[in-house]
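Engineer: Encoded as structure tokens, here's the structure I'll be asking about.
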Amino acid sequence: MELGQDDELDKLRERVRQLASRHAPPRNGRTGVRAPEAHEVPALQKWTRMLFEHQLLGVHWPVAYGGLADPHPLHESVVTDELIRAGAAGPVGGGLLAAAAIIGFGTVEQQNYFLPKIRTAEHIWCQLFSEPDAGSDLASLRTRARRDGDEFVVDGQKVWTTNAHHADWGYLLARTDPDAPKHAGITAFALDMTTPGVTVRPLREITGTADFNEVFLDGVRIPVEHVIGEVNQGWAVTTASLALERSSAGSGASLFGALERLVQLAGTVTRDGRPAIEHDDVRQAIGGFAADVQVNSLVSAFGDSRALHGTGDAADAPLSKILFSEINLALHEFGLELQGHDGVRIEGDARVWDSGWWQDAFLYARAFTIAGGTNEVLRNLIAERALGLPR
Ligand SMILES: Cc1cc2nc3c(=O)[nH]c(=O)nc-3n(C[C@H](O)[C@H](O)[C@H](O)COP(=O)(O)OP(=O)(O)OC[C@H]3O[C@@H](n4cnc5c(N)ncnc54)[C@H](O)[C@@H]3O)c2cc1C
């Protein structure tokens, strides 16, 4: 099967391109999954609403909540891919992840209340999972939720929370039974971020922007009706939404644009008085990246194809994600190297190439090797689950 020759998907790609070229808000020259500045949020909410209205997102949701009766299994991964290729933003916040949990495990009341507001982007969501001592080993999380009548009282700290400073709701994991085995005593909640006791502190990162936050939870009261799924069964809820996060990473669509920029850069910067691209070693390196980008794209498409035919294995998604993130890092490192001393300049400096795009992309590239499971942990996963090696 050739994924590129699927008529339905080709038409879908064209629809995304058209919509993005007409309506996507500008991305202010940043790469990756970045939190917007406050003034950019309304335009992104409008854009998110449009993506749902045009049935580009949420197509796998139940029909009653706006899903399609018979969506193509690759519909949403193709949409994500095309948005990235077009340099357009995706939906604002973590609404899709929260929706996966609510559709899979939420009550009818929760589905009726939350899903329409995710579609219209009236609610922006964040994901309150990671803690200072619980990232890769998420099940060791220590934020506590104690039952008190019709409420839970939550104390603890989260970190790395993308978009918490814009979020109306948080998809929270907290420990409800400290005596149970660690995966068994966790519960998932929908947390109203305006509840007293929630403190959000943006973290300024190496890129100079603040995409993540620390979130402190001090005596935060959550009504029992905002438990998602059963009490102490939060791990199953999380597994469903994390699978979605991992599967959307690593298609490598952004690498094609980065490669084009690299070729342009190599034709512009000079080395020994000649354009860098005229040097054999530079041309060979660029040729190598072009091959890597194609391989990544094919590995990802192959994984999609196997998933479609039910023949995929546990290595497919981790492999694509590792490949993408490591090619991405190496490509941007090389782009900075080509700039020589000018590579240390940053956005706003005189004579910085591409308005500082390369520096931002280089610094952000590390994030892709960590987000959605670090590459080390994913390698373990391939070894244990796909190759059957001992733990
Ligand atoms: C761009 C981005 C966005 C994010 N957004 C969110 C968000 O919105 N909400 C949220 O909850 N979290 C978010 N995260 C956090 C992310 O899930 C964690 O960073 C990730 O799970 C790793 O956890 P950690 O940072 O605590 O590192 P640790 O787990 O402490 O790992 C530290 C180092 O040890 C290595 N390591 C750990 N365990 C093993 C092992 N068993 N074998 C070999 N090596 C190991 C890791 O690979 C890593 O190099 C985000 C992260 C990034 C980069």
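The values are calculated or read from the model by the stated rules, or taken from the named source; none is laboratory data. Computed from a predicted model, the values in this text were never measured in an experiment. Cβ sites come from the backbone with ideal geometry, for glycine too, and all protein chains shown count toward neighbours.
Engineer: With the condition being among the charged types (D, E, K, R), I'd like the strands (runs of 3 or more DSSP E) fully within the range 167-277 carrying at least 2 qualifying residues.
Structural biologist: 212-223
Residue-by-condition table, conditions (1) hydroxyl-bearing (Ser, Thr, Tyr); (2) more than 17 Å from residue 191 (Cα to Cα):
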| residue | (1), (2) |
| --- | --- |
| 75 | no, yes |
| 86 | no, yes |
| 89 | no, yes |
| 94 | no, no |
| 105 | no, no |
| 134 | no, yes |
| 138 | no, yes |
| 145 | no, no |
| 161 | yes, no |
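Engineer: Another one. Out of 387, 336, I need the residue that is of a type outside the set (D, E, K, R) and either surrounded by 18 or more Cβ atoms within 10 Å (Cβ to Cβ) or more than 16 Å from the ligand (Cβ to nearest atom) (or both). Which one? Show your work before the answer.
Structural biologist: Details: 387 fails: either surrounded by 18 or more Cβ atoms within 10 Å (Cβ to Cβ) or more than 16 Å from the ligand (Cβ to nearest atom) (or both).
On inspection, the qualifying residue turns out to be 336.
Engineer: Please go through the range 302-333 and give me each residue that is part of a helix (DSSP H, G or I), surrounded by fewer than 20 Cβ atoms within 10 Å (Cβ to Cβ) and of a type in the set (Gly, Ala, Ser), ordered by number.
Structural biologist: If the condition is that a residue be part of a helix (DSSP H, G or I), surrounded by fewer than 20 Cβ atoms within 10 Å (Cβ to Cβ) and of a type in the set (Gly, Ala, Ser), then 305, 307, 330 are the ones that fit.
Engineer: Another question about this same structure. Within the range 218-243, track down each residue that is hydrophobic (A, V, I, L, M, F, W, C) and away from the ligand (no atom under 13 Å from the Cβ). Walk me through how you get there before you give the answer.
Structural biologist: First pass over the range 218-243, keeping only residues hydrophobic (A, V, I, L, M, F, W, C): 220, 222, 224, 227-228, 231, 235-237, 240, 242-243.
Those that are hydrophobic (A, V, I, L, M, F, W, C) and away from the ligand (no atom under 13 Å from the Cβ): 220, 222, 224, 227, 228, 231, 235, 236, 237, 240, 243.
Engineer: Look through the range 155-185, keep the residues that are more than 15 Å from the ligand (Cβ to nearest atom) and of a type in the set (A, V, I, L, M, F, W, C), and return whichever of them is nearest to the chain's Cα centre (by Cα).
Structural biologist: If we take residues in the range 155-185 being more than 15 Å from the ligand (Cβ to nearest atom) and of a type in the set (A, V, I, L, M, F, W, C), then 184 is nearest to the chain's Cα centre (by Cα).
Engineer: Additional query: Quick check on my filter: what residues within the range 52-106 are outside the structural domain of residue 13 (by TED's automatic domain parsing), more than 16 Å from the ligand (Cβ to nearest atom) and assigned to a helix (DSSP H, G or I)?
Structural biologist: Those that are outside the structural domain of residue 13 (by TED's automatic domain parsing), more than 16 Å from the ligand (Cβ to nearest atom) and assigned to a helix (DSSP H, G or I): 102, 103, 104, 105.
Engineer: Which one of these does residue 46 not meet: (1) assigned to a loop (DSSP other than H, G, I, E, B); (2) more than 16 Å from the ligand (Cβ to nearest atom)?
Structural biologist: (1)
Engineer: Run residue 121 past the list (1) assigned to a loop (DSSP other than H, G, I, E, B); (2) farther than 24 Å from residue 41 by Cα and report the number of the one that doesn't hold.
Structural biologist: Among (1) assigned to a loop (DSSP other than H, G, I, E, B); (2) farther than 24 Å from residue 41 by Cα, the lone unmet condition for residue 121 is (2).
Engineer: Identify the residue in the range 119-154 that is over 30 Å from residue 48 (Cα atoms) and among the hydrophobic types (A, V, I, L, M, F, W, C) and, among all such residues, is farthest from the ligand (Cβ to nearest atom). Can you show your working first?
Structural biologist: We begin by selecting, within the range 119-154, every residue over 30 Å from residue 48 (Cα atoms); these are 132-134, 137, 139-154.
Restricting the remaining residues to those that are among the hydrophobic types (A, V, I, L, M, F, W, C) gives 134, 139, 141, 145, 152-154.
Working: 134: 7, 139: 12, 141: 9, 145: 16, 152: 19, 153: 21, 154: 15 Å.
By that ranking, first place goes to 153.
Engineer: Next question, about the same structure. Pairs needed: first member in the range 362-378, more than 6 Å from the ligand (Cβ to nearest atom); second member anywhere, among the acidic types (Asp, Glu) and part of a helix (DSSP H, G or I); C-beta distance under 6 Å; at least 6 residues apart or different chains.
Structural biologist: 372/245
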